[in-house]
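K.L.:
Structure in structure tokens, see below.
Coordinate-derived values only; no laboratory data. Quick caveat: nothing in here was measured; it's all calculated off a predicted structure. Don't worry about glycine lacking a Cβ; one is built from the backbone with ideal geometry, like all the others, and counts go over all protein chains shown.
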Amino acid sequence: MLVLTRRRGEGVTIWPNVRVVARGSKGAPALGLARRLVVFAAGILLLVTIPYRMNAFAELYVAKTDVEFRVGGGVLCGLCPKDGLPWRVKPTAQLVMDRLFPVWAVQDGVVEIGPYAKGALLDGMNIPQVAGGVMAGYRRGPYEALVNTGIAYATERIGDHQAVSRSQPGQTKHTYDLGLTGRYIINQYFISVAYQHNSNGERSGLGFSNAKGANPGYDNVSIGVGVRF
């Protein structure tokens with residue numbers, strides 16, 4: 001039979017010969033209470049934080065629809081100024097719509113991909129163009145970087161004129177539609193800067209029709225504002 005005896009201020013005697021010294025102090029109850037308060041506060045903080053983290057995670061994985069209006073300047077053969085073509089920058093306007101779907105989380109951001117459609121007024125806002133294709137990019141926090149590739153069609157050739165010592169029929173009506181876009185998102189809205197290139201790929205051996213004629217290419221730089229749904 002094990003007998004424990006203890007007097008105030010003394011240790012505990014375990015019969016018959018073992019003595020355990022109690023090292024309690026007046027601060028022990030306060031220390032235990034402090035630990036319980038810390039654990040309780042940490043639990044409350046965790047419970048409050050989890051819903052916000054889950055909402056942010058869910059928000060990251062929601063498909064987005066963007067409508068963006070851009071204005072800028074376009075130039076015929078902007079990447080080849082030595083071909084005898086004058087460098088004439090003319091105003092442009094574009095309306096771009098896209099639907100981006102998150103497909104892969106990378107660190108604190110997400111990779112997106114989806115279709116886009118574009119209507120534009122080029123060459124001094126005198127020549128309509130329509131385009132469509134695929135847009136892909138990466139979104140992290142308020143920043144978003146996108147690339148697009150597609151097909152475009154303009155109602156007229158762009159830049160018909162008489163160049164130095166030769167006739168230049170201008171940019172073809174059918175072109176590839178290539179671009180780079182950077183966006184800064186502010187709540188439901190965003191601002192952007194973009195570069196767009198249209199050509200039929202003749203210089204790279206990618207022309208989809210030899211009957212399309214000359215292909216100096218058309219380059220456009222723009223800034224824009226948009227809304228996200």
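K.L.:
Would you mind calculating the gained length between ASN126 and VAL111 on full extension (0.36 nm times residue separation, minus the Cα-Cα distance), in nm to one decimal?
P.N.:
On the way: separation 15, 0.36 × 15 = 5.40 nm, distance 3.63 nm.
1.8 nm is the gain from fully extending ASN126 to VAL111.
K.L.:
Further, regarding this structure: Mind ranking 89-98, 139-148 by how tightly packed they are, going by the mean number of other C-beta atoms within 10 angstrom, highest first? Write down the numbers at each step before the final one.
P.N.:
On the way: 89-98: 18.8, 139-148: 16.2.
Highest-to-lowest ranking by the protection proxy: 89-98, 139-148.
K.L.:
Still on this structure, I have one more. Roughly what would the spin-label model give for TYR184 and VAL134, points 7 Å off Cα along C-beta, in nm?
P.N.:
That separation, rounded to one decimal, is 3.1 nm.
K.L.:
Excluding GLN129 itself, what net charge comes from residues whose Cβ is under 14 Å from its Cβ, given Lys and Arg +1 and Asp and Glu -1?
P.N.:
Working: positive: ARG70, LYS90, LYS118, ARG157, LYS173; negative: ASP123, GLU156, ASP177, ASP219.
Local net charge: +1.
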